[in-house]
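As structure tokens, the structure follows; a few thoughts come after it.
The values are calculated or read from the model by the stated rules, or taken from the named source; none is laboratory data. Source: prediction; values computed, not measured. No Cβ is skipped: glycine too gets one built from the backbone with ideal geometry, and neighbour counts run over all protein chains shown.
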Amino acid sequence: MLSEIAAELESGGGTTVLLHGNADPDALACAFAISRAFNDVAIVAPGGLDRLAKVLAQQLGVDVAQGSDAPIKGRILVLDTSGPDQIPLDLDHSAAMVIDHHARNHAWDDARIYYCDDSKSSCAEIIYELLRETGKNPDRDVALALMTGILTDTGNFRYARPASIIAFAELMELHGTGTDEAIGLVSLDMDLSERISQLRGAQRLKYWKVGDKVVAISQGSAYEASVCKALLHLGADIAFVGSQRGDGFRISARATSDMVRAGVHLGKLLNGVGSETSNGGGGHPGAAGISGVGDVEAMLNISAENAIRLLKELESSGDG
Ligand SMILES: [Mn+2]
């Protein structure tokens, strides 16, 4: 079926490649590869690109029309999109060809061609296969883009299947490109102000040791979540970072995935702190926040006390 799609793309008349909303590097890399391999291909992202895909598009000079009013010409090829509802457009499915690697979705059953290989960790691997089957060798930029798609969709290989790593290695060998180059294509430069916030956060850090775990708090004026992540990199297992805004305060909290597996739920923890102090707190197990009226330093200490108590409880229940 891939060769059927390739033959269609080869047959003239032009193609519009459509991407899912907030398209990611995998989607963009696939579209870029198709646009280099076949004639008269336009890339349209009706729901825009995500931050990393924007960086990738800029680095490789990929032309992408964004927004739902972008013109759609010729045949339609939908890439890396798990369902029609992912595309904010009134789309005639029956005219579309679809290539995807997510779970098979019956909403695509009426598409003209629906090629879904959910054994692949990234769509980039399927597009690489399509190029190989049609004897089109990816050029250096396309190889790099596809490598980036594989990297980002596998969480830098954390969730990669053997086939992802084989495809990645073959793409590397084509032009002697390095993994670092592919990673570099989607790295975000941090603003100076964000980096200064992280450094200040480290400067004002307070921490407690609980067994072999570390709870850290710090204060700043901005980028609380980013400072939290920096504190986790420095060695904290749980971090709370807050800022004072007049009478109000705002605190972000982060925990490592090890802590979450051990039973820490920061959303519940901050929800408890919130009801204790009549403020609003909540969120996910590993990422949460609380804001309201009060003194940020006092609120940070209360949050840390709760985290320390929780760690002691987890420790003693682990012993028993
Ligand atoms: Mn994907």
statement: For region 41-69 the number of residues that are in contact with a His (Cβ under 8 Å, 6 or more places away or on another chain) and farther than 14 Å from residue 20 by Cα is 0
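Looking at region 152-164 only, could you name the residues that are farther than 13 Å from residue 28 by Cα and either away from the ligand (no atom under 16 Å from the Cβ) or in contact with a helix residue (DSSP H, G or I) (Cβ under 8 Å, 6 or more places away or on another chain) (or both)?
We begin by selecting, within region 152-164, every residue farther than 13 Å from residue 28 by Cα; these are 154-164.
Of everything in region 152-164, those that are farther than 13 Å from residue 28 by Cα and either away from the ligand (no atom under 16 Å from the Cβ) or in contact with a helix residue (DSSP H, G or I) (Cβ under 8 Å, 6 or more places away or on another chain) (or both) turn out to be 154, 156, 157, 160, 162, 163, 164.
One line per residue, one yes/no per condition, for (1) among the hydrophobic types (A, V, I, L, M, F, W, C); (2) touching a residue at least 60 places away in the same chain (Cβ under 8 Å):
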residue	(1), (2)
6	yes, yes
10	no, yes
18	yes, yes
22	no, no
32	yes, yes
47	no, no
60	yes, yes
69	no, no
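Would you be able to tell me the number of residues in region 233-247 that are surrounded by fewer than 19 Cβ atoms within 10 Å (Cβ to Cβ) and not in a strand (DSSP E or B)? Spell out how you get there, then give the answer.
Step one: of region 233-247, the residues surrounded by fewer than 19 Cβ atoms within 10 Å (Cβ to Cβ) are 233-235, 244-247.
Imposing the further condition that a residue be not in a strand (DSSP E or B) reduces the set to 233-235, 246-247.
Of the residues in that region, 5 qualify.
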message: On the basis of being under 29 Å from residue 187 (Cβ atoms) and modelled with pLDDT of 95 or more, does residue 80 make the cut?
response: yes
- line: When region 1-50 is checked residue by residue, the ones that are within 14 Å of the ligand (Cβ to nearest atom) and at positive phi are 22
query: Which of the residues belonging to region 73-85 are within 16 Å of the ligand (Cβ to nearest atom) and assigned to a strand (DSSP E or B)?
result: 77, 78, 79
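Would you check which residues across region 132-151 are of a type in the set (Val, Ile, Thr) and at pLDDT 95 or above and list them?
Hits for region 132-151 are 142, 148, 150.
For region 88-131, how many residues meet the condition of being part of a helix (DSSP H, G or I) and at pLDDT below 95?
Restricting attention to region 88-131, the residues satisfying the condition of being part of a helix (DSSP H, G or I) are 93-95, 106-108, 123-131.
Going one step further and asking which of them are at pLDDT below 95, we end up with 93-95, 106-108.
Count: 6.
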query: Looking at residue 121, is it within 15 Å of the ligand (Cβ to nearest atom) and in the same structural domain as residue 41 (by TED's automatic domain parsing)?
result: yes
- prompt: Hey, residue 70 hits all of (1) at pLDDT below 95; (2) within 16 Å of the ligand (Cβ to nearest atom); (3) at negative phi but one; which does it fall short on?
  reply: (2)
Residues that are under 20 Å from residue 292 (Cβ atoms) and among the polar types (S, T, N, Q), drawn from region 209-266: 218, 219, 221, 243, 244, 252
message: Could you list, ordered by first residue, the pairs with Cβ atoms under 6 Å in which the first is in region 143-166 and over 18 Å from residue 50 (Cβ atoms) and among the basic types (Lys, Arg) and the second is within 15 Å of the ligand (Cβ to nearest atom) and at pLDDT below 95, at least 6 apart or interchain?
response: 161/121
field: Residues satisfying the stated conditions in region 10-22, i.e. modelled with pLDDT under 95 and surrounded by 22 or more Cβ atoms within 10 Å (Cβ to Cβ)
entry: 20
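May I ask you to verify whether residue 273 is crowded, with 16+ Cβ neighbours inside 10 Å and among the β-branched types (Val, Ile, Thr)? Explain how you work it out, then say what you get.
On the way: crowded, with 16+ Cβ neighbours inside 10 Å: yes; among the β-branched types (Val, Ile, Thr): yes.
In short, yes.
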message: surrounded by fewer than 18 Cβ atoms within 10 Å (Cβ to Cβ), in the same structural domain as residue 313 (by TED's automatic domain parsing) and over 22 Å from the mean Cα position of the chain (by Cα): is that true of residue 219 in this structure?
response: no
Number of the exception - residue 139 against (1) in contact with a helix residue (DSSP H, G or I) (Cβ under 6 Å, 6 or more places away or on another chain); (2) surrounded by 14 or more Cβ atoms within 10 Å (Cβ to Cβ): (1)
query: Out of the residues in region 88-113 that are without any contact (Cβ under 8 Å) to a residue 60 or more places away in the chain and within 16 Å of the ligand (Cβ to nearest atom), which is surrounded by the most Cβ atoms within 10 Å (Cβ to Cβ)?
result: 100
- request: Answer with yes or no whether residue 127 is surrounded by fewer than 16 Cβ atoms within 10 Å (Cβ to Cβ), assigned by TED's automatic domain parsing to the domain that holds residue 165 and not charged (D, E, K, R).
  value: no
